[in-house]
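Report on the structure given below.
The values are calculated or read from the model by the stated rules, or taken from the named source; none is laboratory data. The structure presented is a predicted model; accordingly, all values stated were derived computationally and were not measured. Cβ placement follows ideal geometry from the backbone for every residue including glycine, while neighbour counts extend to all protein chains displayed.
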Amino acid sequence: MPLRRALAAFALMSAFSAPAGALDCAAPAIADRIAAIPARGEVLLESGVLARLAGVRLADAGPVGADARAEMDGLVGARIAVALLDAEPDRWGRRAAAIALPADEGAAPTRDLAADLVTRGLALVDAGAADGLCRPGLLDLEEGARRAGRGLWADSAERPVSAGDVAALTARAGRFTLVEGVVARVGERERRTYLDFSRSWSNGFTAVVPDDVWTRLVASGLDAGALEGRRMRVRGIIEVWRGPALTITAVEMIEILSSNSAEPRRSLP
């Protein structure tokens, strides 16, 4: 296999061993080359595969969004090791992928692209449409970037929004957003569960948990009784119904916080 046997079969693939639903987090790595970076930031491979970088969402606004785009554009022509984590492309024809590049001289043997972008504050952790995150450790890298104020975390507009700031959340409709607050009540329904962060359900912020995600939460010991009154951070694309809301696509998109969100959190399994 070329490229030093696909960078030693993508040596860091052991870090992709967490369960992730339809994603094969231990998929074998193969050698390829980046042919182009299309407009939305996907990676077009020389083999013809259109890949999306699994587990992350590139910064897409302001100077940091421009930096993220420039970083990706600078990879055109690079030889890589790529592991395709799903069997079929999504509706846009993309395959979820983990990508590693040869490291800079004097650095570690491989450069994990997703981890590098998150560490530098050029991307957020996002499970996307997958029902799990192959590398929950990316959340720790994001936390480090946030505390250090790197990249997008230097912009106060990109920091987590308070669940009580309905106006700010409504203004971010259609954008991927991190939201922090205390769950006031949990409403279990047949197909989804509602985490209400306000007693005023008609206009307060709500996180919607689909049935399959809720089943995994309950299996981990976090049922309605355990979640009410807990401070947490959730992430997803803001929609506006009666009030602002987002849908939790994977349990890793919920992080239990201490009473002080600056203190260490406990990521969910």
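Data table
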item	result
Count of residues meeting criterion [in contact with a Ser or Thr (Cβ under 9 Å, 6 or more places away or on another chain) and either within 18 Å of residue 38 (Cβ to Cβ) or of a type in the set (Ser, Thr, Tyr) (or both)] in the range 50-107	1
Condition met for residue 185 (touching a strand residue (DSSP E or B) at 6+ places or on another chain (Cβ under 6 Å), more than 30 Å from residue 26 (Cα to Cα), charged (D, E, K, R) and at pLDDT below 95)	yes
Qualifying positions in the range 158-171 - surrounded by fewer than 19 Cβ atoms within 10 Å (Cβ to Cβ) and in a loop (DSSP other than H, G, I, E, B)	159, 160, 164, 165
Options 147, 91, 111: the member that is outside any helix (DSSP H, G or I), within 29 Å of residue 244 (Cα to Cα) and among the charged types (D, E, K, R)	91
Whichever residue in the range 184-208 is hydrophobic (A, V, I, L, M, F, W, C) and in a loop (DSSP other than H, G, I, E, B) and, among such residues, is farthest from residue 245 (Cα to Cα)	184
Residue in the range 22-36 that is among the β-branched types (Val, Ile, Thr), part of a strand (DSSP E or B), over 16 Å from residue 117 (Cα atoms) and at pLDDT 95 or above present	yes
Conditions (1) of a type in the set (Ser, Thr, Tyr); (2) out of contact with any Lys or Arg (no Cβ under 9 Å at 6 or more places or on another chain); (3) at pLDDT 90 or above; number of the one not met by residue 119	(2)
Flag if residue 101 is more than 17 Å from residue 135 (Cα to Cα), at pLDDT 90 or above and within 21 Å of the chain's Cα centre (by Cα)	yes
Checking residue 97 against (1) farther than 30 Å from residue 180 by Cβ; (2) touching a residue at least 60 places away in the same chain (Cβ under 8 Å); (3) in contact with an Asp or Glu (Cβ under 9 Å, 6 or more places away or on another chain), the condition it does not meet	(2)
In the range 209-220, the residues that are in a strand (DSSP E or B) and surrounded by fewer than 21 Cβ atoms within 10 Å (Cβ to Cβ)	210
Matching residues in the range 172-183 - criterion: being free of Cβ contacts under 8 Å to residues at least 60 places away in the same chain, hydrophobic (A, V, I, L, M, F, W, C) and part of a strand (DSSP E or B)	178, 182
